[in-house]
Amino acid sequence: MLQAAYTAAKEKVVDKLSAVKTVCLTTDCWTSAANEGYMAMTGHFVSEDFTLQSVLLGCSQLSGAHTAPNLSASLIGTTDNFRLTDKVLLVVMDNAPNIKNAVSILQWKHFACYAHTLNLIVQNALKHFVSIQQKVKTIVAFFKRSCKATERLLTYQQNNGAGHVKKLVQEAPTRWNSTLCMLERIVEIKDAVKTSLVLFTVDFEQLTDEEWNICSELCSVLKPFAQVSTQLSAESYPTGSQVIVLTRGLLSVCAELLKRPFNSVTRTVIEELIKGLKDRFHNVEMSKSIGVATLLDPRFKSLVFESRFAADNAKKQLIELVAQKMGDRRLTNTGQSHETVSTSTTTDPLSVWGVYDAIVKSTQPQGTPQSTAIAEVQSWRENQYIFPNIAKVVREKFNIVATSVPCERIFSKTGIIINERRTRLKASKVEKLIFLNTNSGNSELFVPVMALIVFQQQQMLHSPIEANLKYEVIVFCIEWQT
C-alpha cells in the first residue's frame with residue numbers, strides 16, 4: 001500500500017510540475033531522533049490562476065559527510081527525479097558554507113534564508129546583553145526544575161486575578177525569536193516571579209530593577225524583528241517581493257528606537273542591530289531576482305527601492321524579460337510607469353511597514369484603502385489578457401520565497417513520525433510517508449499505511465501486538481491531526 005500510494009502521489013506531483021516554467025527551491029538538512037541525516041527540498045511556483053503553490057520534492061536520508069559535492073549530488077538527484085534541473089530560478093537555504101558551495105557547483109542562483117540571517121543579526125547584537133540574559137535563563141531554569149516554585153508562581157497569579165495563569169518560557173538558541181518569547185513572558189509575570197523567588201533560598205543572582213527595565217525595553221526592540229520573521233515565513237503567498245521594503249522598515253524602526261531614552265545597554269543592542277542590517281542586507285536591492293519580484297508586486301513596483309539605480313536596473317531586467325516573451329528585443333521606450341499601490345496605513349512609529357505607508361501617502365493618496373486594495377489584488381488576474389507578456393513573467397519570476405522555513409516545517413512533521421518510540425522506521429519508509437502527508441490530501445490512506453508500519457514494528461520488537469497496535473495508531477492519529 002505504501003509504495004503504491006507513493007508512486008501515485010509522485011506521478012501527480014510530476015504532472016503538476018510539467019507545465020511549470022520555473023521553480024524556487026528551499027533546502028535544509030536535519031538529524032532525526034534515530035541519529036540519521038535527512039535533506040529536504042521543497043518547490044514553489046505560481047499557478048495559472050496566479051496563486052503560489054508548494055510541493056515537497058523529497059525528504060530523504062543523506063549518507064556520508066555533508067560536503068559540498070555530496071550535497072550538490074543530492075540536490076541534482078532530486079531535481080532530475082522531477083525533471084526540474086533546468087527550471088531552477090533560485091535556491092533558498094541557510095548561511096552554511098557547505099550548502100552555499102553545493103549550490104554554486106550547480107551554478108544555480110541562491111539566496112540566504114532571510115529569517116536565518118535576521119536571527120544571526122539579533123543573536124550577535126544580544127552579545128551586549130549576555131550577562132542579563134544569562135540571569136534570566138537561570139531564573140527560568142530554576143522554575144522549570146522546581147515543581148514547588150512553579151506551583152507558587154501559578155498560585156500567585158490566580159490569587160491576583162489572572163484570567164489565564166502562565167509559566168515561564170526557556171530560550172532555545174536554535175529557535176528563532178525564542179529570546180523575545182522568554183523576555184516577554186518573564187516581564188509579563190514579573191511580580192509573580194519576584195514574589196515567588198522571595199519564598200525560596202536560591203544560590204543565583206537575581207535581576208536588579210535596572211535589569212528588569214532593560215528586559216522590558218528589549219521586548220520593544222526585538223518585537224519588529226519577530227514580526228518580520230513571521231511575515232516572511234509564510235507559504236501561502238510569495239514573500240521575496242517583501243524583502244526590500246521590510247528591510248527598510250526595520251532600519252526605520254531602529255532609527256526611531258534610538259530617539260527614545262533607553263538604557264545604554266539597550267541602545268548598544270539597537271546600534272548593533274542597525275550595523276548588522278546594513279552589513280548583511282546592504283546589497284539586497286541589487287539582487288536581480290529580488291528586484292524583479294519587488295517590481296512585479298502591484299503593491300510596491302519601484303516605489304520601495306531606496307536606490308534609484310537599483311530600481312532602474314530592476315526595470316531594465318523586467319523589460320528584457322518582457323521583450324523575450326514578445327520575441328522583440330528592440331523594446332527600448334519604457335516610458336513612465338503608472339505607480340499605484342495599496343495597503344492600510346498605520347500610525348505606529350515602530351511598525352516595519354511605516355516606511356511603505358509614508359511612501360504611499362506621498363505618492364498617490366487616491367481612493368479608499370479597501371477599494372484600491374481589492375483592485376490591486378486582482379490586477380494580475382484581470383489584466384493578464386491585456387498584458388499577456390508581463391503575466392508570463394509573473395508566473396516565472398514571482399514565485400520567490402524569502403526563507404527556508406518550508407523545509408523546517410517538513411522536519412517538524414518528520415519529527416512526529418520518527419519519535420523516541422518509532423526510531424526503527426527505515427529511512428525509505430519515512431521518505432514516502434512524509435511525501436504522502438505533504439503532497440496528498442488523502443488522510444484516509446495515510447492512517448492505514450501508518451497502522452501497517454506500526455504493526456510491523458511491533459512484530460520486530462516481539463512485544464504484545466494487538467493492544468500496542470491500537471494504542472500506537474490512536475495516539476499517532478491524534479498527534480498528527482492536532
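The values are calculated or read from the model by the stated rules, or taken from the named source; none is laboratory data. Being a predicted model, the structure only gives us computed values, none of them experimental. So basically every Cβ, Gly included, is an ideal-geometry build from the backbone, and we count neighbours across all protein chains shown.
The table below gives the values:
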quantity: Residue list for the stretch 39-67, filter: surrounded by 15 or more Cβ atoms within 10 Å (Cβ to Cβ) and aliphatic (A, V, I, L, M); calculated: MET39, ALA40, MET41, VAL46, LEU52, VAL55, LEU56, LEU57, LEU62
quantity: Residues within the stretch 407-457 that are in a helix (DSSP H, G or I), under 26 Å from the mean Cα position of the chain (by Cα) and modelled with pLDDT under 80, tallied; calculated: 1
quantity: Residues (under 23 Å from VAL401 (Cα atoms) and not aromatic (Phe, Trp, Tyr)) located in the stretch 253-287; calculated: GLY276, LEU277, LYS278, ASP279, ARG280, HIS282, ASN283, VAL284, GLU285, MET286, SER287
quantity: Test: residue in the stretch 152-165 that is closer than 26 Å to PHE225 by Cβ and surrounded by 15 or more Cβ atoms within 10 Å (Cβ to Cβ); calculated: no
quantity: Output for the stretch 148-172, where each listed residue is closer than 13 Å to LYS190 by Cβ and of a type outside the set (A, V, I, L, M, F, W, C); calculated: TYR156, GLN157, ASN160, LYS166
quantity: Some residue of the stretch 262-285 being assigned to a loop (DSSP other than H, G, I, E, B) and in contact with a Cys (Cβ under 9 Å, 6 or more places away or on another chain); calculated: no
quantity: Boolean, LYS109 is more than 18 Å from GLU431 (Cβ to Cβ), surrounded by fewer than 19 Cβ atoms within 10 Å (Cβ to Cβ), touching a Ser or Thr at 6+ places or on another chain (Cβ under 7 Å) and touching a residue at least 40 places away in the same chain (Cβ under 8 Å); calculated: yes
quantity: Where ASN70 falls short, out of the listed (1) touching an Asp or Glu at 6+ places or on another chain (Cβ under 9 Å); (2) crowded, with 16+ Cβ neighbours inside 10 Å; calculated: (1)
quantity: Failed item, numbered, when GLY77 is tested on (1) buried (at least 17 other Cβ atoms within 10 Å of the Cβ); (2) closer than 29 Å to LYS12 by Cα; (3) not aromatic (Phe, Trp, Tyr); calculated: (1)
quantity: Which numbered condition ILE290 fails, given (1) more than 13 Å from LEU218 (Cα to Cα); (2) in contact (Cβ under 8 Å) with a residue 40 or more places away in the chain; (3) surrounded by fewer than 19 Cβ atoms within 10 Å (Cβ to Cβ); (4) among the aliphatic types (A, V, I, L, M); calculated: (3)
quantity: Condition met for GLU217 (more than 19 Å from LEU118 (Cβ to Cβ), buried (at least 20 other Cβ atoms within 10 Å of the Cβ) and modelled with pLDDT of 95 or more); calculated: yes
quantity: Residue, farthest from ALA293 (Cα to Cα), within the stretch 231-244, restricted to residues that are of a type in the set (A, V, I, L, M, F, W, C) and either surrounded by fewer than 22 Cβ atoms within 10 Å (Cβ to Cβ) or touching a Cys at 6+ places or on another chain (Cβ under 7 Å) (or both); calculated: ALA234
quantity: Members of the stretch 42-52 found to be modelled with pLDDT under 95 and either in contact with a helix residue (DSSP H, G or I) (Cβ under 9 Å, 6 or more places away or on another chain) or within 10 Å of VAL23 (Cα to Cα) (or both), listed by number; calculated: VAL46, SER47, GLU48, ASP49, PHE50
quantity: Count - residues of the stretch 24-37 that are surrounded by 24 or more Cβ atoms within 10 Å (Cβ to Cβ) and over 14 Å from the mean Cα position of the chain (by Cα); calculated: 1
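Table: residues versus (1) among the small types (Gly, Ala, Ser); (2) assigned by TED's automatic domain parsing to the domain that holds ILE290; (3) under 16 Å from GLU235 (Cα atoms); (4) part of a helix (DSSP H, G or I).
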residue: CYS29; (1), (2), (3), (4): no, no, no, no
residue: THR42; (1), (2), (3), (4): no, no, yes, no
residue: PHE50; (1), (2), (3), (4): no, no, yes, no
residue: SER60; (1), (2), (3), (4): yes, no, no, no
residue: SER63; (1), (2), (3), (4): yes, no, no, no
residue: PRO69; (1), (2), (3), (4): no, no, no, yes
